[in-house]
Structure formats: C-alpha cells, structure tokens
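The values are calculated or read from the model by the stated rules, or taken from the named source; none is laboratory data. Values in this document were obtained by computation on a predicted structure and should not be read as measured data. Every residue, glycine as well, gets a Cβ built from its backbone with ideal geometry; the counts of neighbours run over all protein chains shown.
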Amino acid sequence: MNNSANKYLLNGIKIFDRSFFSDERGSFSKFFSAKSLLDSGIDFPVSQINHSITPLAGTVRGMHFQKPPHNEKKLISCIKGEIFDVAVDLRSDSDTFLQYFSVELSAENKKTILVPEGFAHGFQTLSDDCELLYAHSKEYITNSEGGLNPLDPFLNIKWPLAISKISDRDQNHEFISNQFKGFMI
C-alpha cells in the first residue's frame with residue numbers, strides 16, 4: 001500500500017495505491033498492511049472485514065456511520081467493477097464539517113480509501129456486478145448505527161448516475177437540520 005498525495009482530501013482521509021504484481025500465473029494485490037499504515041502514522045487494528053456485492057449500476061448504499069464511542073475507521077477497496085465512493089465529515093470541530101469527499105475506486109485502479117473516525121460513508125456503483133472489501137477498526141454495534149440521507153439537498157452529493165436502487169432505510173434517513181451538531185472525536 002502506497003499513500004497517494006491529494007491536496008483535495010478532507011483532513012484524515014487517505015488514498016492508497018494497492019501494491020500489485022502479475023505474471024503468467026495471474027495477479028496478486030496487497031489489501032492490508034499494518035506496517036504500511038503505521039509508517040503513514042495510522043494505527044488500524046482490524047476488528048472486522050466485510051464483503052459487499054451489488055449487482056446493478058446506479059445503486060446507492062449509504063451514508064452510514066457508527067456513533068461515538070463506537071465510531072470506526074474503514075479501509076475500502078473495490079475488487080470488482082467501479083464505484084463512486086463518498087465520505088462526509090461529521091466531526092463538529094473540523095474545518096470541513098458536513099463537507100464531502102469523493103473518489104472513484106475500481107478493480108482496475110486498485111485504490112483503497114481510508115475513511116477516519118467521524119465520517120459517514122457511502123457509494124454508488126458505476127458498473128454492474130461490483131464487489132467491495134471493507135476492513136473496520138471496530139466491531140459493528142447495531143445500537144450505535146446512524147445514517148445520513150444520501151439525497152439530502154444540504155449535502156448536495158453529485159451522484160454521477162441516475163439512482164437505480166436505494167434501500168428504504170437509506171432514503172428514509174432524515175435530512176440534516178440545524179439541530180445536527182455532529183460528533184466530537
């Protein structure tokens with residue numbers, strides 16, 4: 001994993017290029033390296049790894065987060081297909097509070113995004129048959145789950161495709177109001 005410099009990243013988000021090797025047998029890609037992350041100043045204990053499969057282009061999943069004290073870091077890689085990945089800053093003391101960052105992740109570009117604690121995360125599939133791997137720094141806690149509506153006009157996320165599918169749960173999250181104060185991390 002090699003850290004890619006990007007001046008447009010919100011504070012704490014990192015993009016890594018996965019190490020990749022191929023020969024006549026096939027290919028090999030390093031998804032996770034504790035040493036590479038520590039060399040970048042990131043302590044990332046892996047507590048859970050999830051795999052998602054999304055069959056239809058245009059599908060939106062998110063914007064999900066875990067509330068403190070169960071907030072988590074995530075490493076996300078697209079291992080099949082292509083996605084438009086989005087992270088929204090929910091840290092109340094951040095200069096980029098409620099701003100979002102987006103990046104395309106694909107099996108072809110072999111990029112991995114680190115979403116730090118205090119962010120909501122979601123994505124839209126840009127191709128059919130997408131598969132993602134997520135490494136989480138903490139276990140999922142049902143009672144700590146939260147979500148933002150990915151269609152919230154305040155967030156104004158520019159989804160690149162018309163939305164073909166979205167869960168009832170995701171599209172029924174309330175829009176952000178003046179009462180939303182974010183989280184102290």
Item to check | Wholly enclosed strands (runs of 3 or more DSSP E) of the range 32-93 bearing at least 3 residues buried (at least 16 other Cβ atoms within 10 Å of the Cβ) and either modelled with pLDDT of 95 or more or in contact with a helix residue (DSSP H, G or I) (Cβ under 8 Å, 6 or more places away or on another chain) (or both) | outcome: 60-66, 74-80, 82-89
Next on the checklist: With the requirement that a residue be closer than 26 Å to Leu56 by Cβ, surrounded by fewer than 14 Cβ atoms within 10 Å (Cβ to Cβ) and either touching a residue at least 12 places away in the same chain (Cβ under 8 Å) or in contact with a Leu (Cβ under 6 Å, 6 or more places away or on another chain) (or both), what does the range 139-157 give you?
Outcome noted: Glu145, Pro153
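Return yes or no: is Asn172 modelled with pLDDT of 95 or more, closer than 15 Å to Met63 by Cα and surrounded by 13 or more Cβ atoms within 10 Å (Cβ to Cβ)?
Values: modelled with pLDDT of 95 or more: yes; closer than 15 Å to Met63 by Cα: yes; surrounded by 13 or more Cβ atoms within 10 Å (Cβ to Cβ): no.
No, not satisfied.
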Checklist entry - Across the range 7-30, what is the number of residues that are buried (at least 18 other Cβ atoms within 10 Å of the Cβ), over 15 Å from Ser106 (Cα atoms) and modelled with pLDDT of 85 or more? => result 3
